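Novice: Submitted below is the structure of interest, expressed as structure tokens.
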């Protein structure tokens with residue numbers, strides 16, 4: 001399944017539809033992210049694989065509390 005047909009050159013930032021840039025000959029990369037669906041048919045499988053909700057998973061999340069970060073220093 002193709003994510004997007006529109007691509008951008010890595011070096012000169014020109015847009016194109018092929019594998020290589022027409023201007024400089026470098027490779028083109030996809031510019032659009034994957035589409036998000038609130039129904040997410042693979043969501044349960046992905047969360048199970050990541051063990052989402054477990055204590056280890058929760059501790060691995062970034063901390064947004066600045067006061068706790070300053071205490072560690």
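Coordinate-derived values only; no laboratory data. Note that the structure is predicted; figures quoted are calculated from it, not measured. Note that each Cβ is placed from the backbone with ideal geometry, even for glycine, and that neighbours are counted across all protein chains shown.
Novice: Expected output is a single nm value to one decimal: the length gained when fully extending between residue 44 and residue 32, i.e. 0.36 nm times separation in residues minus the C-alpha distance. What is it? Walk me through the intermediate numbers first.
Specialist: Details: separation 12, 0.36 × 12 = 4.32 nm, distance 2.46 nm.
That pair, residue 44 and residue 32, stretches by 1.9 nm at full extension.
Novice: 7 Å from Cα along Cα→Cβ at both residue 54 and residue 10: what's the point-to-point distance in nm?
Specialist: 3.5 nm
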